[in-house]
Amino acid sequence: MRTLALTSILVTLLAFGANAQNEKKSIRQGNREFKKDDFTNSEISYRKALEKNPSSFKGNFNLADALYKQDKQEETVKLLDGLSSANVDDVQKSNVYYNMGNSYLKQKKLKESIDSYKKSLRLNPNDAEAKYNLGEAQRMLKEQQKQDQNDKNNKDNKD
């Protein structure tokens, strides 16, 4: 009886360990493909890793990067938004918001981008890239507002 219990525990642990190894192997494969700018295949590899462990922060984060590189911005934001509540350290969470800001910026959603960069900087105030991107997004928003005002004034003058 005791041997049966130990055997079943051992089998369970081995299965869990093999599953974790397969997850890591798929993530490493995705990383190799990502470095070769093969974003479609890296996406596939990251998705394979997530089949084994859907809650993998690294798998989800890397998948979001691969989606971003393929200009799948809405899917990227959705995935990153889910990671924003992950139980990870401040630097990792800051990276989530930074990437979310980049994705919003690509979509020309400037206010959302600015909010994301601010959240990133609250968690990691020394991130020079986030500071720079925040400044650029704020500058772009001011230009957009100025252009909108000019367009409105021109329309009013025509009337």
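Subtract the Cα-Cα distance of residue 41 and residue 25 from 0.36 nm times their separation in residues, and report this length gain in nm to one decimal.
Extending this stretch completely gives an extra 4.4 nm.
To put it simply, the accessible area of the range 27-120 at a 1.4 Å probe is 45 percent carbon and sulfur. The slack between residue 88 and residue 129, meaning 0.36 nm per residue of separation minus the straight C-alpha distance, is 12.7 nm.
Annotation: lysines with alpha-carbon distance below 20 angstrom to residue 118 (same-chain offsets under eight excluded): 78, 93, 106, 108, 109, 131, 142.
Sorting check: for 100-110, 35-45, which peptide has the highest mean count of neighbouring beta carbons within 10 Å, and how do the rest follow? Let's see the in-between values first.
On the way: 100-110: 20.2, 35-45: 16.0.
Sorting 100-110, 35-45 by mean packing, highest first, produces 100-110, 35-45.
The magnitude of the dipole of the range 53-141, with charges of +1 and -1 set on the Cβ of Lys/Arg and Asp/Glu and taken from the Cα centre, is near 200 debye. Along the range 104-119 the Karplus relation, 6.51 cos²θ - 1.76 cosθ + 1.60 evaluated at θ = phi - 60°, assigns HN-Hα couplings of 4, 4, 4, 8, 6, 8, 5, 5, 5, 4, 4, 4, 5, 5, 5, 5 Hz to successive residues, with x for each Gly and Pro.
The values are calculated or read from the model by the stated rules, or taken from the named source; none is laboratory data. Not measured: the values here are computed from a predicted model. Neighbour counts are summed over all protein chains in view; Cβ atoms, including those assigned to glycine, are modelled from backbone coordinates with ideal geometry. When the accessible area is computed, the model is the full protein with side chains, heavy atoms only, and any ligands, DNA or RNA have been set aside. Shrake-Rupley method; radii C 1.70, N 1.55, O 1.52, S 1.80 Å.
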